Amino acid sequence: MATPLLETHDLVKDYAIGGEIVHAVNNVSLSISRGEFVAIMGASGSGKSTFMNMIGCLDVPTSGTLLLDGIDTKLLDSDALAEIRNRKIGFVFQQFNLLARTSALDNVAVPLIYAGIGYAERRQRAQHKLEAMGLANRLQNTPAKLSGGQQQRVAIARALVTDPLMLLADEPTGALDTQTSLDIMGIFQKLNDDGITVVLVTHEPDIAEFAARRIVFRDGQVIEDAAVKSRRKASAA
Amino acid sequence: MKDLLASLAGWGVNVAIALTALRTNLMRSILTTLGVMIGVFSVILAVAVGNGAQVSVSQQIATLGSNMAIVVPQPDSGSGPPRPNDRGRLTERDGQAILREVSGVSAVAPQIRSSVQIVTPGRSATTQATGATPEYGVVSNVTASEGRFLTQSDVGSAARVAVIGETVANKLFPETSPVGETIRINRVPFTVIGLLESKGSNLGNDNDDQIVVPITTLRQRLLTTATQGPDDVTLIFVGFEDEDALLAGQKEIERLLRDRYRVAKGKINPFTVRTTTEIAETTGEVTQIFQAVLVAIASISLLVGGIGIMNIMLVSVTERTREIGLRMALGAKRSDIRNQFLVEAAVLCVIGGAIGLSLAILAASIFERVAEFPAPIGFDTAIMAVAFSAIIGLVFGGYPAIRASRLSPIEALRSE
Ligand SMILES: Nc1ncnc2c1ncn2[C@@H]1O[C@H](COP(=O)(O)OP(=O)(O)O)[C@@H](O)[C@H]1O
Ligand SMILES: [Mg+2]
């Protein structure tokens, strides 16, 4: 079998709060292969986000090992980690995190700046991704002129613009209404069908049903890890 | 080459990001820029005024002449504290001795200086008269722009002739040429034989407010107080062939005069020998100190401007912590974040510096016109100003920029 895209061994993240140590993530060992669609579930405070931030190389584990594409991230310096975030990972956030007063096109082009891509190619690639998200006529709009669903689609276009291996989405539908949430999940499913690995954090069971595999966290530990039995298909819905 | 282009393009992106950020907080950016603007403005103006002083002083010194020693009958304070009994003397014979015995001397111009009152029908002027010989013209570059200068026979016959400066001529003969006219100097009638070539004015000193008459005539007819001896002079200009001769000659003159006046060993010279080189050096030093003090004072405002930049950049970093986190999540390296804020600070400073420089150029030209004082701002000063303000940006923007780049991506992203 090929190396998994992502592997964790006894991953731990501790926080010291008021002299007490909180094990936000407590000895998590799992692996995710290329092309998987994983939903991470659990109650609020169960450690989902902390885990996501570590596998996205935004946060450093207290102990344990994280292998990305076979590479031990402990051995990488901050520049190499930045490059992994840039090339291999696309982030989608609950609050979209678009730059205000900046056009959709320029927002989507930001990761390409850090990839060292020239101006013309940046614009062309950003435009292409926005068109794929159905935003061809919204290129010059600033976030303030876009609906929540449109903003999240701009954010997805931005996550995809460097053609990463993996999309990490922490509560991507948390700020959206039901119908828009379904649209966004449809997009994730389509992207996954096209081959990209998707890891999604959600606390809504019906959103998790769009994924193929469900991992449940409680108190920083994995208490359940199984295939989703009756998977929902956005195209069928 | 490709790398270079890529890195230039990278900086271009940072400039674009910086301009967007600065436009977003336009009012704040303007106020911050104002600090640097005032700082650069005052430093540049200080440099310009200092340059102007140097130019004026060196012009003034150049009007004296070059490669010249000036001997005056004053005790040389440089060789010890002057004592009242050390009143020196200097005579025309000393001048002849210098010409005869000191090597490299091209001409000796003894002079007597005295303040005189000149009257023409209906007009009068008070000015300084220099009793001189034709050599005076040679040694200190004085010529007649109209008529003629003194000749040996004017001096020999103690002729009542005068060569007058432009200022004096304008006072006495506002409409007509003075040459050939008769004037009364201290009531003695003189004929004006020439007009001195104008040497302009420097630092409020009018070089054209003077007249030149034969030394013999001045001594016999115009002196109001008696001198110690029959051929005492006020000072002697000694012209040298070149600068090397001047340097050696200064010592030789001192030795010769000590001999002639039998100054005992250890006693101070009852006369002083200064060279134009020395004068240029000392005044050059003085004006340099003057300029340094001006620039130092002005730099304080630039420092304040720089601190303003640092303050605003710290605020900017704090306000945009979340943006920094986001950029890091999207792949920005620490150096990318650092450069973004450095460029932002530098852009603020360079804009401020450019405006400050423009205002300084404007102020200097007004100053030149109103105060008739040169305040030159050279191309080098301009380049220096802009470079300096960019450096201010880098230095004072550096700390906030490095602080921003050291943020942990997740902590920055979580902040609000
Ligand atoms: N920066 C932090 N400092 C201290 N404690 C934290 C921090 N981030 C998360 N925690 C704690 O870690 C635990 C897991 O948090 P989180 O991963 O955000 O949970 P979830 O995303 O599942 O709601 C919680 O108890 C939370 O209070
Ligand atoms: Mg969370």
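Restricting to the range B:62-71, name every residue that is open to solvent by 20 Å² or more (accessible area, probe 1.4 Å) and touching a residue at least 40 places away in the same chain (Cβ under 8 Å).
The answer is B:Thr63, B:Leu64, B:Ser66, B:Asn67, B:Ile70.
Residues being of a type in the set (Gly, Ala, Ser), more than 12 Å from ligand 1 (Cβ to nearest atom) and under 17 Å from the mean Cα position of the chain (by Cα): count how many of those fall in the range A:44-82.
2
Residue check: is A:Ala39 of a type outside the set (Ser, Thr, Tyr), in contact with a strand residue (DSSP E or B) (Cβ under 6 Å, 6 or more places away or on another chain), farther than 23 Å from B:Arg334 by Cα and within 16 Å of ligand 1 (Cβ to nearest atom)?
Spelling it out, A:Ala39 is indeed of a type outside the set (Ser, Thr, Tyr), in contact with a strand residue (DSSP E or B) (Cβ under 6 Å, 6 or more places away or on another chain), farther than 23 Å from B:Arg334 by Cα and within 16 Å of ligand 1 (Cβ to nearest atom).
Kindly indicate whether any position in the range A:6-17 is more than 15 Å from ligand 2 (Cβ to nearest atom), under 26 Å from A:Gln189 (Cα atoms) and of a type in the set (A, V, I, L, M, F, W, C).
Scanning the range A:6-17 turns up at least one residue that is more than 15 Å from ligand 2 (Cβ to nearest atom), under 26 Å from A:Gln189 (Cα atoms) and of a type in the set (A, V, I, L, M, F, W, C).
Please pick out the residue among A:Ala24, A:Ala43, A:Ala39 that is open to solvent by less than 20 Å² (accessible area, probe 1.4 Å), over 16 Å from A:Leu200 (Cβ atoms) and within 15 Å of ligand 2 (Cβ to nearest atom).
Result: A:Ala24 is the single residue among A:Ala24, A:Ala43, A:Ala39 that is open to solvent by less than 20 Å² (accessible area, probe 1.4 Å), over 16 Å from A:Leu200 (Cβ atoms) and within 15 Å of ligand 2 (Cβ to nearest atom).
Kindly provide the set of residues from the range B:101-123 that are in contact (Cβ under 8 Å) with a residue 40 or more places away in the chain and over 30 Å from B:Glu254 (Cα atoms), ordered by number.
Once the filter is applied, which keeps residues that are in contact (Cβ under 8 Å) with a residue 40 or more places away in the chain and over 30 Å from B:Glu254 (Cα atoms), the range B:101-123 yields B:Val116, B:Gln117, B:Ile118, B:Val119, B:Thr120, B:Arg123.
Taking the range A:121-146 as the search range and keeping residues that are open to solvent by less than 80 Å² (accessible area, probe 1.4 Å) and among the basic types (Lys, Arg), which one is nearest to the chain's Cα centre (by Cα)?
Among residues in the range A:121-146 that are open to solvent by less than 80 Å² (accessible area, probe 1.4 Å) and among the basic types (Lys, Arg), the one nearest to the chain's Cα centre (by Cα) is A:Lys129.
Sort through A:Thr50, A:Thr73 and tell me the only one that's closer than 23 Å to A:Arg87 by Cα, within 16 Å of ligand 2 (Cβ to nearest atom) and either within 14 Å of chain B (Cβ to nearest Cβ) or among the hydrophobic types (A, V, I, L, M, F, W, C) (or both).
Only one candidate qualifies: A:Thr50.
Which ones in the range B:72-105 are over 19 Å from B:Leu247 (Cα atoms), modelled with pLDDT of 70 or more and surrounded by fewer than 18 Cβ atoms within 10 Å (Cβ to Cβ)?
B:Gln74, B:Arg89, B:Arg93, B:Gln96
Checking A:Thr142 against (1) within 14 Å of another protein chain (Cβ to nearest Cβ); (2) away from ligand 1 (no atom under 16 Å from the Cβ); (3) closer than 23 Å to A:Arg232 by Cβ; (4) not hydrophobic (A, V, I, L, M, F, W, C), only one condition comes out false. Which one?
(3)
Return yes or no: is A:Lys13 open to solvent by less than 50 Å² (accessible area, probe 1.4 Å), closer than 16 Å to A:Ile223 by Cα and charged (D, E, K, R)?
Here the answer is no, as A:Lys13 does not meet what is asked.
Given the residues B:Gly284, B:Gly325, B:Gly331, B:Gly305, which is the only one that is part of a helix (DSSP H, G or I), in contact with a Ser or Thr (Cβ under 9 Å, 6 or more places away or on another chain) and within 14 Å of another protein chain (Cβ to nearest Cβ)?
Of the residues listed, the single one that is part of a helix (DSSP H, G or I), in contact with a Ser or Thr (Cβ under 9 Å, 6 or more places away or on another chain) and within 14 Å of another protein chain (Cβ to nearest Cβ) is B:Gly325.
Select from the range A:173-204 the residues that are within 16 Å of ligand 1 (Cβ to nearest atom) and touching a Leu at 6+ places or on another chain (Cβ under 7 Å) and list them in ascending order.
A:Val199
Within the range A:91-129, track down each residue that is of a type in the set (Gly, Ala, Ser), farther than 16 Å from B:Gly12 by Cα and more than 9 Å from every other protein chain (Cβ to nearest Cβ).
Matches in the range A:91-129: A:Ser103, A:Ala104, A:Ala126.
Of all residues in the range B:397-416 being away from ligand 2 (no atom under 16 Å from the Cβ) and open to solvent by 30 Å² or more (accessible area, probe 1.4 Å), which is farthest from B:Leu348 (Cα to Cα)?
B:Ser408
Is there any pair with a first residue in the range A:22-48 that is in contact (Cβ under 8 Å) with a residue 40 or more places away in the chain and a second that is within 11 Å of ligand 2 (Cβ to nearest atom) and open to solvent by 40 Å² or more (accessible area, probe 1.4 Å) whose Cβ atoms are under 8 Å apart and which are 6 or more apart or on different chains, and what are they?
Close Cβ pairs (under 8 Å, with a partner that is within 11 Å of ligand 2 (Cβ to nearest atom) and open to solvent by 40 Å² or more (accessible area, probe 1.4 Å)) amount to A:Met41/A:His203; A:Gly42/A:His203; A:Ala43/A:His203; A:Ser44/A:His203; A:Lys48/A:His203.
Tell me which residues, restricted to the range B:369-416, are of a type in the set (A, V, I, L, M), within 16 Å of ligand 1 (Cβ to nearest atom) and part of a helix (DSSP H, G or I).
Those that are of a type in the set (A, V, I, L, M), within 16 Å of ligand 1 (Cβ to nearest atom) and part of a helix (DSSP H, G or I): B:Ile410, B:Ala412, B:Leu413.
Return a yes/no flag: does the range B:384-391 have any residue that is modelled with pLDDT under 90, more than 14 Å from every other protein chain (Cβ to nearest Cβ) and over 22 Å from B:Leu19 (Cα atoms).
Yes: one or more hits.
Has the range A:214-235 got at least one residue that is more than 15 Å from ligand 1 (Cβ to nearest atom) and under 14 Å from the mean Cα position of the chain (by Cα)?
no
Anything in the range B:113-159 that is more than 23 Å from B:Ile61 (Cβ to Cβ), aliphatic (A, V, I, L, M) and part of a strand (DSSP E or B)? List them, or say none.
Within the range B:113-159, B:Val116, B:Ile118, B:Val119, B:Ala125 meet the criteria.
The values are calculated or read from the model by the stated rules, or taken from the named source; none is laboratory data. If you're wondering where the values come from, they're calculated on a predicted model, not measured in any experiment. Positions of Cβ are backbone-derived with ideal geometry, glycine not excepted, and every protein chain shown enters the neighbour counts. SASA here: full protein model, heavy atoms, side chains in, ligands and nucleic acids out. Shrake-Rupley method; radii C 1.70, N 1.55, O 1.52, S 1.80 Å.
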